[in-house]
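The values are calculated or read from the model by the stated rules, or taken from the named source; none is laboratory data. This one's a predicted model, so the numbers in the text were calculated from it and none came from an experiment. Heads up, the Cβs are rebuilt from the backbone with ideal geometry, glycines too, and the neighbour counts pull from every protein chain shown.
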Amino acid sequence: MVSSLHVARWTLGGAFAVIAGLAASAEPLAPMDPHLRSAAFMSESLLPLHLDVSAMPTVEPAQRPRARALASIPVEITVQTGAERRPEPRPVFTAEARWDDRSQGEAWSESAMAAIEEAPRDLRDIVPADIDAWCPGYERNPPHLRAAFWVGTVSALARYESNFNPQAQGGGGAWHGLLQISPATARHYGCDATSASELHDGEANLECAIRIMSRTVARDGVVAAGDRGIAADWGPMSNDKLQGQIRDWVQGQSYCEVQTAVMASLIPPVRPTAPDAFEVALLD
């Protein structure tokens, strides 16, 4: 006969067996750090068992102020330009001229070079029929050396017209300045200087002379032959002796030598002057 004591032993023994089996089948747990164990215990003991989340106040994030779009913000930009911001322009190319020993010689050469660029017909593009007698290297020369030939020729002519005196007058007051031009001739060819006083300005006189030459040399196709080309308006070019002296001097200059090698680098034209300042406003 089974007593109640035996039943109690069997029951407890079965329960312990079940618990031991469950423990054996479960994965082993990692040991808990003692510090974490104490912190967890403290947090559990401090927090209430039932936390009412709905009773907690709601905190809204602070609203940042709206930034203005860049396109709507007026921006003023000032750009300053001037000579101090640009490299200095290279000087105008000039070569040997008969007036080089005069105080105004350099200015006259520069003015004459500029006048060639502004003349109605570009003398640098013209190859006169008699050019070999005047300047053997001309035809193969680059433009700036061709221009130098014309400036040299004008300077040699001025030696016999006025002896480089801008105030010279000839023909009883009919002709004026370096190249002895009459106001009537200046008006006929459309020169800027058309009065006696204006023609006594050396640079203005040269500009007018080159303007005239560009028309007559292009028309006649020669430097000076008979009464054609430059000889159509200037007496020394119609005189065999004086023309020979002018021609001999020009032929002896470096720009009339026959070049047998590639020419040295050419000087580029001076850049146009930029405006002093300008402003740009960017608005929406």
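Data overview
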{"item": "Filtered residues of the stretch 77-123 (kept if among the hydroxyl-bearing types (Ser, Thr, Tyr), at pLDDT below 95 and outside any loop (DSSP other than H, G, I, E, B))", "result": "78"}
{"item": "Failed item, numbered, when residue 245 is tested on (1) surrounded by fewer than 19 Cβ atoms within 10 Å (Cβ to Cβ); (2) assigned to a helix (DSSP H, G or I); (3) in contact with a Gly (Cβ under 6 Å, 6 or more places away or on another chain)", "result": "(3)"}
{"item": "From 173, 177, residue being touching a residue at least 24 places away in the same chain (Cβ under 8 Å) and of a type in the set (Gly, Ala, Ser)", "result": "177"}
{"item": "Candidate set: the stretch 146-200, residues that are of a type outside the set (Gly, Ala, Ser), in a loop (DSSP other than H, G, I, E, B) and touching a Pro at 6+ places or on another chain (Cβ under 7 Å); chosen: the one farthest from residue 214 (Cα to Cα)", "result": "200"}
{"item": "Residue list for the stretch 126-181, filter: under 15 Å from residue 255 (Cβ atoms) and at pLDDT below 95", "result": "none"}
{"item": "Given (1) surrounded by fewer than 24 Cβ atoms within 10 Å (Cβ to Cβ); (2) of a type in the set (A, V, I, L, M); (3) within 39 Å of the chain's Cα centre (by Cα), number of the condition residue 168 does not satisfy", "result": "(3)"}
{"item": "Criterion (out of contact with any His (no Cβ under 8 Å at 6 or more places or on another chain) and surrounded by 18 or more Cβ atoms within 10 Å (Cβ to Cβ)) met by exactly one of 174, 184, 232", "result": "232"}
